[in-house]
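Engineer: Questions regarding the structure given below will be posed in turn.
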Amino acid sequence: MKILSFRYNNEIGFGPKVKREEAVWDVLAIQKSLNVLPSFSETIVEGMTYGFEFVEQMRKLVEAAEQSPNPAIFKHAFTNIEWLAPIPRTTKNIICVGKNYDEHAKEMGADHAPEDLVVFTKAPTAIAADEQTISVHADVTDSLDYEGELAVVIGKKGKNIPAVLAFDYVFGYTIANDITARDLQERHKQFFLAKSLDGSCPMGPYLVTKDEIPNPQNLTVVTKVNDEVRQNGTTRDMMHTVEDLIVKISSMVTLEPGDVILTGTPAGVGKGMTPPTYLKAGDTVKVSIEGIGTLVNRFE
């Protein structure tokens with residue numbers, strides 16, 4: 001199932017994409033009008049705590065809407081909604097993995113990717129949506145860079161998760177662009193400020209449930225700037241797999257529903273070009289991952 005979050009008539013909603021239509025089912029409106037279920041979660045993060053029962057509940061709501069006298073009133077065309085990130089606001093910082101692709105580590109100046117995890121975080125206020133226009137933050141940086149990444153969305157609380165159960169804790173996947181102010185990153189050494197500028201973590205367009213992506217280590221990741229391919233990688237090249245990341249991170253930090261893990265970026269970032277080529281006002285960045293879609297943001 002492809003799920004998206006949106007704002008319609010000043011209210012935040014969520015629901016699955018309508019099959020063969022550029023529209024979304026408003027499951028909260030369906031439940032409110034048709035009273036299909038004894039109860040239904042008001043937010044997507046709350047719903048995730050019920051695992052795939054939550055997905056089945058949304059399927060039942062859609063079936064009820066389709067069988068109702070006027071299904072169209074429960075659908076919103078994409079042109080009539082404001083897209084939000086699939087998780088509009090995480091409950092804690094976004095968890096990010098650095099230098100998880102060997103070639104990217106090399107283009108950043110290392111001999112090879114580090115054996116140990118490099119983990120940092122981005123503030124929840126950095127979250128932005130598909131099609132959202134993002135500032136280049138010219139008042140604080142002249143070195144804004146892109147990093148297209150696969151993002152893992154956690155659906156169940158867990159600590160010290162064993163490898164054989166790692167995917168039980170995954171609800172689904174989305175796309176992220178780990179936008180980074182390279183000059184701030186180098187100056188501060190700590191990554192938090194460089195990675196947490198407002199709008200520096202666009203995610204979307206969809207949250208795709210894990211059943212539709214049985215192998216997250218076999219996905220292409222392509223980033224284009226103004227339709228020029230800059231990154232063309234595959235998740236097969238991750239030094240630490242999705243399974244590894246869940247095991248290692250949960251050995252130190254309790255993972256919770258709605259937590260997002262950015263899994264690292266392949267080679268091809270602006271800093272690695274000769275000369276380094278950073279984002280400027282008027283640029284459009286598109287990050288595509290097969291099975292999920294394309295995340296698009298314009299910079300001003």
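Engineer: If you average the sequence gap of Cα pairs under 8 Å that are 6 or more apart and divide by the length of segment 82-132, what percent do you get for the contact order? Each step should come with its number before you reach the end.
Structural biologist: Working: 63 pairs, mean separation 26.3, N = 51.
Averaging sequence separation for qualifying contacts and normalising by length gives 52 percent for segment 82-132.
Engineer: What is segment 203-300 by shape, rounded, prolate or oblate, if you read a ≥ b ≥ c off the alpha carbon gyration tensor as root eigenvalues and call it rounded for a/c under 1.5, prolate for a/b larger than b/c, and oblate otherwise?
Structural biologist: prolate
Engineer: At a Förster radius of 30 Å, what calculated FRET efficiency corresponds to the Cβ-Cβ distance of LEU165 and THR43, to the nearest 0.05?
Structural biologist: The pair LEU165/THR43 has a calculated efficiency of 0.75.
Engineer: Among the GluC sites (Glu not before Pro) within segment 12-48, which fall in a DSSP loop and have no more than 14 other Cβ atoms within 10 Å of their own Cβ? Spell out each step's value before the answer.
Structural biologist: Details: sites: GLU21, GLU22, GLU42, GLU46; in loops: GLU21, GLU22, GLU42.
Those that pass, being in a loop and sparsely packed, are GLU21, GLU22, GLU42.
Engineer: Going out from 0 in 20 Å bins, what whole percent of all Cα-Cα distances in the chain drops into each bin?
Structural biologist: Result returned by the calculation: 35, 56, 9, 0.
Engineer: While we're here: Once you order the gyration tensor axes a ≥ b ≥ c over the Cα atoms, which shape class does segment 130-245 get: rounded for a/c under 1.5, otherwise prolate or oblate by comparing a/b with b/c?
Structural biologist: prolate
Engineer: What whole-number distance in Å separates the alpha-carbon centres of segment 50-98 and segment 208-268?
Structural biologist: 22 Å
Engineer: Can you tell me the relative contact order of the chain? Whole percent, Cα pairs under 8 Å, sequence separation 6 or more.
Structural biologist: So the answer I get is 23 percent.
Engineer: While we're looking at this one, here's another question. Per the helix-only calculation at 222 nm, which mean residue ellipticity applies to the chain, given -39500 (n - 2.57) for every DSSP H run of n ≥ 4 and division by its residues, nearest 500 deg cm²/dmol?
Structural biologist: When only DSSP H runs of four or more count, the value is -5000 deg cm²/dmol.
Engineer: Going by the alpha-carbon gyration tensor, a ≥ b ≥ c the square roots of its eigenvalues, is segment 81-179 rounded (a/c under 1.5) or, if a/c is not under 1.5, prolate (a/b greater than b/c) versus oblate?
Structural biologist: Since a/c reaches 1.5 but b/c is at least a/b, the shape of segment 81-179 is classed as oblate.
Engineer: Another question, then. Within segment 17-117, which trypsin sites (Lys or Arg not before Pro) sit in a loop by DSSP and count at most 12 neighbouring Cβ atoms inside 10 Å?
Structural biologist: Loop-located and lightly packed - LYS19, ARG20.
All of the numbers you see were taken from the coordinates with simple rules; none came from a lab. Everything quoted here is computed from the prediction, not taken from an experiment. Cβ sites come from the backbone with ideal geometry, for glycine too, and all protein chains shown count toward neighbours.
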